[in-house]
Structures are given as structure tokens and as C-alpha cells.
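Colleague: First the structure, then my questions, so here it is.
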Ligand SMILES: *Cc1c(COP(=O)(O)O)cnc(C)c1O
């Protein structure tokens, strides 16, 4: 199909929820994407931090094909070894000891919110239900996750929202202390705010939050849907800060493109759920579990968290050099591992379009932040080529 045909047929049959890039994708492999004219692009977005080990990874394809022949879905009414193997593997990467599998980031966060409330009531015997979140956060689009996200732009037209959410200014510890109430149940945050423009929370601030949670009996929920699974240069973003959240949520990269989310928690927090407390029909199905297990095995074997750390620091230096060569054009280069943001001095729509024309796929967030979320095994040469292209875009005009 031509782009024009894709566009008009999309307009006919799909809800108008997405302002799409002017590009149709026909196929993808590793860190390359091809459009319908056969044009090749370097993919620095990885399906929004999803295809962490690259598109159509042969080992994941093989694992999925094998699983397709064996078992796809029977529901969580039965014991299945695929989800146990996955749970054991993912729990080996952090301090948590229980997992609940679901299908998306929003659903993982919903599970976290429900668990925090029920734990406070049933285990601690306290009427605590309020979830505190930070400004410019993003926790998903379902109603409760959107109440947690709290941005007028995203909430427009959808009120009323579930009660029991309060938002405080990110980075402001005094505001957080002021916001604490007898009904405060948990603080939910992203250590790197992805949609918020790749904003990295300050180390002392985060450690103070963890201490505050301890002191006042709140649970700490780390939304690692975007930062988790190696992207930050460690398995989990919070592991850079020496804190141990009670609940950790995951999704995006978990099954390298198949829908899969997880809510991970400590043994203590897990007491908040009982038989029948929470459920999902598809969550942790055999097929997606097999894909996720294969994904984690590849990440572990190929040391992709370590690679994200080293390639990420190289990229930050490289982009800093770009910034030095184009004075006044780049306000800041920041990131953790391969979770990278280049904040431009001016709104970046034109630069973003020019980069797409040059064959580089990335994301523009908060109007001026070029966000890069490449596969963790992307060749260094692709990032170098991007830096050169960016210099051209910021230079000549
Ligand atoms: C993408 C994202 C979500 C929502 O995930 P979905 O799978 O789209 O529901 C939640 N939290 C963070 C930090 C995210 O980046």
C-alpha cells in the first residue's frame, strides 16, 4: 500500500486516537525498519522501549513457534510451567519475591494500586488508600492509572475519575512531606520519567522518599514499565539508587513485542492479595510467558543491561560533542543507560521531521525533547550515524 492509501483507509476504520508518523511500516529486523517503498530506517525507538532485543529476534521467534505448537492459553485456573519459569527468572533480577502477570503497563499499575490499598487495609488494618504521584509522571491510560497520571491534557473529557490520588511536585521533598495524610497508602513514581521528557529523579530525593515511606508506613511503588529490564544500564532503574521498592511494575520490553506486564512485590506486600482478590484472563498466558522468558534469557546471556550502561555513556558523550559543535542548539543531553533524552533549545518538530527524512526513527516528547529508546543491542555505528545526522539537522539551515 502507498502511504496515502494507508492514511485514508486508517481514517476510515480506526478510532482517531493516534497522530501517526507519516510512515507505514512493512517489516522490521533488529534495529532496522522498512517502509512500504522498501526504504530502510534506523530504529531508535524500538516500539517505545518494547523491542529491547531488536525486532523479530530469531531465538524469540523460535521459542514462540515452539510454544504455539504446545500450548497457547488455558487461563489462570490451571498450573502452567511457562509462567513459573518466567516468574523465577524475572524475580532473580531484583529483591522482590512474588509476581502477578498481566498484559500491559497500565494493568500492572492498576494491580499495584489495588495491592497497596488492600495490603494497608487487610494486613496493616489501616484505612489508607491514597496514592501519591509526582508531576509530569505517566502511569497509563486506564481510568485509575490516568487519575494517578493527573495531567489535564490527558484527562480532558474523561471525568469523573476514581478517588484517592494526590499529586505533588516532582523533586520537591517538602511538598511531599506536606502531602502526607493518615490515609496515604503509597507513593508511586518513575525513577526516570519517560513521557515527562526523560527526567531523571535526583538520588538524594529518591532515597529520602524511600526513607519517608519506611517512617510513615507507606508502600513505595516503582513504575519500571519504561526504565526497567536493562534499559537504564541495570536490570531496574531503582537499582541505581540503592532503594528497594515494595512493588515494582513492568511491561513494555518484557516479551519483546508480545503483550505482557508484571507486578512484582515483596513477600510482605504480597500478603495483600488473596485467592480471588485480583485476576486477568490473558495475563501470564503460556505463549507470552514463553516469549518473555526467551527475552530475559537473551538479555542475561548477552549482558544487555551492562551493554546499555556502557553504550549509553558513550552515546551521552557523543551527543555532548554534538552539542558543543552546534552551540546554542541543545539545552541538555541526559539519560540513564540507553534511556536517552536530547533537549533542544527550541521546539523540535522540524528537527524531528528532518531526522525521519534522513532515515532515523525516534520520538519527540514535551515538544523539545528528542527521546531515544533503542534496542539494547543496537550497533554503536547506528548511534554514531544518528549523531552525524543530528549535527546536519542542527547546522546548515
Ligand atoms: C508506557 C508506560 C505505561 C503504560 O503502559 P501501557 O502498556 O501502555 O499500558 C505506564 N508507565 C510508564 C512509565 C510507561 O512508560
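Please treat every number below as a calculation from the coordinates, not as lab data. For clarity, every value in this text was computed on a predicted model and none was experimentally measured. For neighbour counting, all protein chains shown are included, and Cβ atoms are generated from backbone atoms with ideal geometry for every residue, glycine included.
Colleague: Provide the three semi-axes, in whole Å and in decreasing order, of the ellipsoid equivalent to the range 324-397 as defined by the square roots of 5 times the Cα gyration tensor eigenvalues.
Modeller: Here the semi-axes work out to 18, 14, 12 Å.
Colleague: Let me ask something else about it. Helix 3-13 versus the longest principal axis of the chain: what angle, 0 to 90°, nearest 10, using Cα atoms?
Modeller: 30 degrees
Colleague: At 0.36 nm per residue, minus the direct Cα-Cα distance, what do residue 48 and residue 19 gain on full extension? Give it in nm, one decimal, please.
Modeller: Numbers: separation 29, 0.36 × 29 = 10.44 nm, distance 1.49 nm.
Roughly 9.0 nm would be gained on extension.
Colleague: Treating the angle as unsigned and between 0 and 90°, give the value, to the nearest 10°, between the Cα long axis of helix 58-70 and the longest Cα principal axis of the chain.
Modeller: So the helix axis and the longest Cα principal axis differ by about 50 degrees.
Colleague: Calculate, in nm to one decimal, what residue 26 and residue 126 gain on full extension: separation in residues at 0.36 nm each, minus their alpha carbon distance.
Modeller: Between residue 26 and residue 126, full extension yields an extra 30.7 nm.
Colleague: Given an 8 Å cut-off on Cα distances and at least 6 residues of separation, report the relative contact order of the range 78-197 as a percent. Spell out each step's value before the answer.
Modeller: Working: 138 pairs, mean separation 32.0, N = 120.
Taking the mean separation of contacting Cα pairs over the length of the range 78-197, I get 27 percent.
Colleague: Which residue, 55, 216, 278, has the most motion in a Gaussian network model of the chain that connects Cα atoms within less than 10 Å?
Modeller: 278
Colleague: Same structure again: Once the convex hull of the alpha carbons of the range 122-188 is built, what does its volume come to per residue, in cubic angstrom? Intermediate results must be reported in sequence, preceding the final value.
Modeller: On the way: hull volume 6.3 nm³, N = 67.
Measuring per residue, one finds 95 Å³ for the Cα hull of the range 122-188.
Colleague: Ok, one more. Just subtract the alpha-carbon distance of residue 346 and residue 68 from 0.36 nm times their residue separation and send over the number in nm, one decimal. Write down the numbers at each step before the final one.
Modeller: On the way: separation 278, 0.36 × 278 = 100.08 nm, distance 4.88 nm.
Extra length available between residue 346 and residue 68 comes to 95.2 nm.
Colleague: Still on this structure, I have one more. What residue among 180, 356, 14 shows peak mean-square fluctuation when the chain is described by a Gaussian network model with Cα springs under 10 Å?
Modeller: Between 180, 356, 14, it is 14 that shows the largest mean-square fluctuation.
Colleague: Sticking with this structure for a sec: What nm distance separates the two modelled labels at residue 216 and residue 172, each placed 7 Å from Cα along Cα→Cβ?
Modeller: According to this spin-label approximation, the distance is 1.5 nm.
Colleague: Return one number: the angle in degrees, 0 to 90 and rounded to the nearest 10, between the long axis of the Cα atoms of helix 81-91 and the longest principal axis of the Cα atoms of the chain.
Modeller: For helix 81-91, the angle is close to 80 degrees.
Colleague: A follow-up question, please. Would you give the gap between the C-alpha center of the range 14-78 and the C-alpha center of the range 283-358, rounded to a whole Å?
Modeller: Using only Cα atoms to place each centre, the spacing works out to 18 Å.
Colleague: So what is the relative contact order for the range 19-145, in percent, with contacts set as C-alpha pairs under 8 Å and at least six apart?
Modeller: Details: 78 pairs, mean separation 16.3, N = 127.
Value for the range 19-145: 13 percent.
Colleague: Could you list 300, 317 in order of exposure, starting from the residue whose Cβ has the fewest other Cβ atoms within 10 Å?
Modeller: Values: 300 15, 317 11.
So the ranking, lowest neighbour count to highest, is 317, 300.
Colleague: So what is the relative contact order for the chain, in percent, with contacts set as C-alpha pairs under 8 Å and at least six apart?
Modeller: Values: 772 pairs, mean separation 87.2, N = 397.
The value is 22 percent.
Colleague: Another one. Which residue, 176, 71, 134, has the most motion in a Gaussian network model of the chain that connects Cα atoms within less than 10 Å?
Modeller: Top of the fluctuation ranking is 71.
Colleague: Restricting to the chain, what percent of DSSP beta bridges are antiparallel, rounded to 5? Numbers along the way, then the final one.
Modeller: Values: 32 of 49 bridges.
Here the antiparallel bridges make up roughly 65 percent for the chain.
Colleague: Give, in whole angstrom and from largest to smallest, the semi-axes √(5λ) of the equivalent ellipsoid of the range 35-150, with λ running over the eigenvalues of the Cα gyration tensor.
Modeller: Numbers: eigenvalues 214, 113, 33 Å².
Semi-axes (√(5λ), whole Å): 33, 24, 13.
Colleague: Next question. Ranking 68, 299, 263, 23 by Cβ neighbours within 10 Å, fewest first, what do you get?
Modeller: Working: 68 12, 299 24, 263 30, 23 15.
Arranged by neighbour count, lowest to highest, 68, 299, 263, 23 become 68, 23, 299, 263.
Colleague: How would you rank 203, 117, going from fewest to most other Cβ atoms within 10 Å of each one's own Cβ? Don't jump to the answer; show the numbers that get you there.
Modeller: Numbers: 203 13, 117 20.
So the ranking, lowest neighbour count to highest, is 203, 117.
Colleague: Here's a follow-up. Could you order the peptides 156-162, 3-9 from most to least packed, using the average number of other C-beta atoms within 10 Å per residue?
Modeller: On the way: 156-162: 9.7, 3-9: 12.3.
Ranking, from highest mean packing down: 3-9, 156-162.
Colleague: Same structure, new question: For the chain, what is the calculated [θ] at 222 nm in deg cm²/dmol (nearest 500), taking -39500 (n - 2.57) for each run of four or more DSSP H residues and dividing by its residue count?
Modeller: Values: 14 runs with 152 residues, N = 397.
Estimated from H runs of four or more residues: -11500 deg cm²/dmol.
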